[in-house]
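The values are calculated or read from the model by the stated rules, or taken from the named source; none is laboratory data. The structure displayed is predicted, hence computed values, not measured ones. Quick reminder, even Gly has a Cβ in these numbers, built from the backbone with ideal geometry, and neighbours come from all protein chains shown.
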C-alpha cells in the first residue's frame, strides 16, 4: 500500500493505516503524506519507511512506484486527504495501473465523481470507499434480517448521525479537522451533509438494499459566522414505497458519534447503534423482543465472517474499517492472480456508492434551497 495524506495531525490517516494492516494482508511501503515535504518525511520516519520511498508529492510517488518491478512497487493507493484532494491522486493512480482505496466522500463534487467513475471503468482498477459503518458485524446481520424477509415489506427507515463537536466555531481557530471542513474550497458545497450525512445515507441504503428516489431537505447553519451547513433534516422516499427520515447534525451538543439506524417492516423492526455496536435489537409485532450479539452462534454467516473475537469482546470502529480493507485487498489479490474472489470478499463500498453519495449531497442542497422535493 502507498498512502496519500495522513501527515502530522491527521486523524483519519492513522485509522486507515491500522485498518489496512490489521489482518496482515497489506503493508505500507511508501507514501506522500503531506504537501509539505518536510512533514511527509517526519511521517515516513514514524512508519519506519526507507527515505527513498517517502515522496515529496503524490505525483512523484505514483510515477516512481510505476517504474519499480511488480512485487516491489505498491499495489494500491490509500487516499486519506481532505475532500478537494481526492480527485487528482485517484485519477493518476488508476491511469498508472494502481488500485485505490479512498476516504469518503468520493470527491469535491459530482462532476469530479463522474470523471472518476469513467476512469475506473476504462482502466478496470478496483476502487473501494471507506464508508466505515457498513463494516460492522451487526450491520451485516441487520442486512441479512432484511434479506430474509422476516420483517415483511419495509415501510419505515429512520437514520440519524448526531455529533456535537462543532457546536462552537472551531474552524475559526487552528483546529485542523474543523478548519478544512468549514472551508468550501476544501470541503465542497456542504460540511455536515458531506461529512456525516453521506454516512447515514449510505448506511440506510446498504442495510435495506433499497434506493432513495427523492428527498426533502432542510439544511441549516446554526453557529453564527459559519459558512457551511452544520445541521440537516430530511424526509426520504424509497423505491419500494417506504418512507424515511434522515437527521445529521454536528451541533447536537454533548453527542459523540451517535449514528443509529432503525428499520420497520410489516412484521417487526430493528435498531442498531454504533455506540453499542455489538448489539442488534429486533422488535417483533407478535413475538418478544430479540437481542442478537456479535460473536454468538446465532447470527448469520455474513456477521460471523466479519467478526474477529469471541462474544463479549467489543469490536468497534477500527475493526469495521479493517473489514473494508480486508475485502478490498482480497479482491485486489484475486485480480492480480486472475482468479475470482469469494462472494464474501465483494462486500465493500465501491466508487458507485461514492457517486451516489455525491448525488445525494447535490439533491439535499438543491432541495434546501428550493424548499421542494428533489429526485435522486
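For residue 302, only one of the following conditions fails: (1) modelled with pLDDT under 95; (2) under 21 Å from residue 132 (Cα atoms). What is its number?
Single failed check for residue 302: (1).
State all residues of the stretch 294-317 that are surrounded by 15 or more Cβ atoms within 10 Å (Cβ to Cβ) and under 18 Å from residue 20 (Cα atoms); if no residue qualifies, say none.
Within the stretch 294-317, the subset surrounded by 15 or more Cβ atoms within 10 Å (Cβ to Cβ) is 294-296, 299-300, 302-308, 315, 317.
Within the stretch 294-317, 305, 306, 307, 308, 315, 317 meet the criteria.
Could you say whether any residue in the stretch 290-306 is more than 22 Å from residue 344 (Cα to Cα) and in contact with a strand residue (DSSP E or B) (Cβ under 6 Å, 6 or more places away or on another chain)? Spell out the reasoning first.
First pass over the stretch 290-306, keeping only residues more than 22 Å from residue 344 (Cα to Cα): 290-291.
With in contact with a strand residue (DSSP E or B) (Cβ under 6 Å, 6 or more places away or on another chain) added as a condition, the list becomes 290-291.
For the stretch 290-306, residues more than 22 Å from residue 344 (Cα to Cα) and in contact with a strand residue (DSSP E or B) (Cβ under 6 Å, 6 or more places away or on another chain): present.
Which of the numbered conditions does residue 323 fail, given that it passes all the others? Conditions: (1) touching a residue at least 60 places away in the same chain (Cβ under 8 Å); (2) touching a strand residue (DSSP E or B) at 6+ places or on another chain (Cβ under 8 Å).
The number of the failed condition is (2).
Out of the stretch 155-194, which residues are under 30 Å from residue 265 (Cβ atoms) and surrounded by 22 or more Cβ atoms within 10 Å (Cβ to Cβ)? Spell out how you get there, then give the answer.
Within the stretch 155-194, the first condition is being under 30 Å from residue 265 (Cβ atoms), and the residues that meet it are 155-163, 192-193.
Once the filter is applied, which keeps residues that are under 30 Å from residue 265 (Cβ atoms) and surrounded by 22 or more Cβ atoms within 10 Å (Cβ to Cβ), the stretch 155-194 yields 157, 159, 161, 163, 192, 193.
With respect to residue 322, determine if the residue is surrounded by 21 or more Cβ atoms within 10 Å (Cβ to Cβ) and either farther than 19 Å from residue 238 by Cα or touching a helix residue (DSSP H, G or I) at 6+ places or on another chain (Cβ under 7 Å) (or both).
Numbers: surrounded by 21 or more Cβ atoms within 10 Å (Cβ to Cβ): yes; either farther than 19 Å from residue 238 by Cα or touching a helix residue (DSSP H, G or I) at 6+ places or on another chain (Cβ under 7 Å) (or both): yes.
Criteria met by residue 322.
Select, from 36, 75, 23, the only residue that is in the same structural domain as residue 118 (by TED's automatic domain parsing) and either crowded, with 24+ Cβ neighbours inside 10 Å or in contact with a strand residue (DSSP E or B) (Cβ under 7 Å, 6 or more places away or on another chain) (or both).
On the way: 36 fails: either crowded, with 24+ Cβ neighbours inside 10 Å or in contact with a strand residue (DSSP E or B) (Cβ under 7 Å, 6 or more places away or on another chain) (or both); 23 fails: either crowded, with 24+ Cβ neighbours inside 10 Å or in contact with a strand residue (DSSP E or B) (Cβ under 7 Å, 6 or more places away or on another chain) (or both).
Just one listed residue meets the conditions, 75.
Here are some conditions: (1) assigned to a helix (DSSP H, G or I); (2) over 19 Å from the mean Cα position of the chain (by Cα). Residue 90 meets all but one. Which one does it not meet?
That leaves (2) as the condition not met.
Looking at (1) touching a strand residue (DSSP E or B) at 6+ places or on another chain (Cβ under 6 Å); (2) not assigned by TED's automatic domain parsing to the domain that holds residue 302, which is the only condition residue 158 fails?
Single failed check for residue 158: (2).
Does the stretch 248-261 contain at least one residue that is more than 18 Å from residue 137 (Cβ to Cβ), in contact with a helix residue (DSSP H, G or I) (Cβ under 7 Å, 6 or more places away or on another chain), modelled with pLDDT of 95 or more and in a strand (DSSP E or B)?
Yes, that holds for at least one residue.
Test residue 195 against the criterion of being under 20 Å from the mean Cα position of the chain (by Cα) and assigned by TED's automatic domain parsing to the domain that holds residue 140, and give yes or no.
On the way: under 20 Å from the mean Cα position of the chain (by Cα): yes; assigned by TED's automatic domain parsing to the domain that holds residue 140: yes.
So residue 195 passes the test.
Quickly run through the stretch 145-154 and pick out the residues that are under 23 Å from residue 275 (Cβ atoms) and either out of contact with any helix residue (DSSP H, G or I) (no Cβ under 8 Å at 6 or more places or on another chain) or surrounded by fewer than 16 Cβ atoms within 10 Å (Cβ to Cβ) (or both). I'd like the intermediate steps shown before the answer.
Kept after step one, since they are under 23 Å from residue 275 (Cβ atoms), are these residues of the stretch 145-154: 145-146.
Scanning the stretch 145-154 gives a single hit, 145.
Got at least one residue in the stretch 346-359 being free of Cβ contacts under 8 Å to residues at least 60 places away in the same chain and surrounded by fewer than 16 Cβ atoms within 10 Å (Cβ to Cβ)? Let's see the steps before the verdict.
Step one: of the stretch 346-359, the residues free of Cβ contacts under 8 Å to residues at least 60 places away in the same chain are 346.
Applying the additional criterion that residues be surrounded by fewer than 16 Cβ atoms within 10 Å (Cβ to Cβ) yields 346.
The answer is yes, given that some residue of the stretch 346-359 is free of Cβ contacts under 8 Å to residues at least 60 places away in the same chain and surrounded by fewer than 16 Cβ atoms within 10 Å (Cβ to Cβ).
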